[in-house]
Amino acid sequence: HGASWYRGMGTRESAGTAIFSIVGDVVHPGLVEIEMGVQLKALIFDICGGIPDKKGFKAVQIGGPSGGCLPANSLDTPIDFDSLTKAGAMMGSGGMVVMDEDTCMVDVARYFLDFTQKESCGKCTFCRIGTHHLLHILDRITKGEGREGDLELLERLSEDIKRGSLCGLGKTAPNPVLTSLRYFRDEYEAHI
């Protein structure tokens, strides 16, 4: 139908549609093409059928392994480039992992950081060594060996990695850690 037709969908700043791979705790996982600007709750509950087994929604991790984890009070967030970035997530590769009330967000952050740490090419120190240290701290916390000051260290190290890394992987690898700390800090504190 042409560019004008396509730009007629979505928002002014994020025109058109986007394709997402929705996985995790939803009734209907799969590939979904939506108009930009649709709210998260419409995608998760109306299009994907909500959370199975009458469980509560806890979070959605958006943007692939380097994306951010957004809580239930973010369900009104429109799915577009600017709104997701402002909330702490990103469009990224179009991956969405929906999580129910039983999910441990500290484990989620450790899981995604484990992936991105292994993907580091090793060229820059911040990414190669920084993500290794982040993962080590998260491993300790998930094993019940967390220490006073670990949360502040996670935040400071994450910000240093974002600022000092040379490529997009390093600059975004700490996102799951930072957003889960921002929105689910009480879970980290309970582990420690």
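The values are calculated or read from the model by the stated rules, or taken from the named source; none is laboratory data. Nothing here was measured: the structure is a model prediction, and the numbers come from that model. Neighbour counts are summed over all protein chains in view; Cβ atoms, including those assigned to glycine, are modelled from backbone coordinates with ideal geometry. SASA here: full protein model, heavy atoms, side chains in, ligands and nucleic acids out. Shrake-Rupley method; radii C 1.70, N 1.55, O 1.52, S 1.80 Å.
How would you rank 174-184, 105-115, 125-135, 45-55, highest first, on the average number of other Cβ atoms within 10 Å across their residues?
174-184, 105-115, 125-135, 45-55
For Lys118, Lys58, Lys41, write out the residues from largest to smallest accessible area, computed with a 1.4 angstrom probe and no ligands counted. Present the calculation step by step, with values, prior to reporting the outcome.
On the way: Lys118 140, Lys58 35, Lys41 85 Å².
Ranked from most to least accessible, the order is Lys118, Lys41, Lys58.
Kindly provide the helix-only [θ] at 222 nm of the chain, computed as the sum of -39,500 (n - 2.57) over DSSP H runs of four or more divided by all residues, to the nearest 500 deg cm²/dmol? The per-residue figure over the chain is -12000 deg cm²/dmol. Taking the accessible area of the chain, probe 1.4 Å, and keeping the other protein chains in place, the carbon and sulfur fraction comes to 52%.
For Cys167, the accessible area of its heavy atoms, probed at 1.4 Å with every protein chain present, is near 60 square angstrom.
Please determine, in degrees from 0 to 90 and to the nearest 10, the orientation of helix 105-119 with respect to the longest principal axis defined by the Cα atoms of the chain, where the helix direction is its Cα long axis. Here the helix axis deviates by roughly 90 degrees. Here, segment 59-169 has an Rg and a Dmax of 14.3, 39 Å when only alpha carbons are counted. The residues of the chain have, on average, 50 Å² of accessible surface per residue, using a 1.4 Å probe with all protein chains present.
Helix 150-164 axis versus longest C-alpha principal axis of the chain: approximately 60°, rounded to the nearest ten. Scoring 140-153, 63-76 by mean Cβ neighbours within 10 Å over their residues and listing the highest first yields 63-76, 140-153. Computed over the chain, relative contact order equals 20 percent, with contacts defined as Cα pairs under 8 Å that lie 6+ residues apart.
Think of the chain as having a plus end and a minus end, set by charges on the Cβ of Lys, Arg, Asp and Glu; of Gly37, Gly164, Gly63, Gly164 sits farthest toward the positive end of this dipole. Only one residue of Leu75, Leu181, Thr85 has its Cα farthest out toward the positive end of the dipole of the chain, where Lys and Arg carry +1 and Asp and Glu -1 on Cβ, and that residue is Thr85.
Both radii are taken from the alpha-carbon atoms of segment 106-190; with Rh as the Kirkwood radius, Rg/Rh is 0.94.
The angle between the Cα long axis of helix 131-142 and the longest principal axis of the Cα atoms of the chain comes to about 80 degrees, rounded to the nearest 10. Only alpha carbons enter this Debye calculation for the chain, each as an equal point scatterer, and the log10 of I(q)/I(0) it gives at q = 0.11 Å⁻¹ is -0.50.
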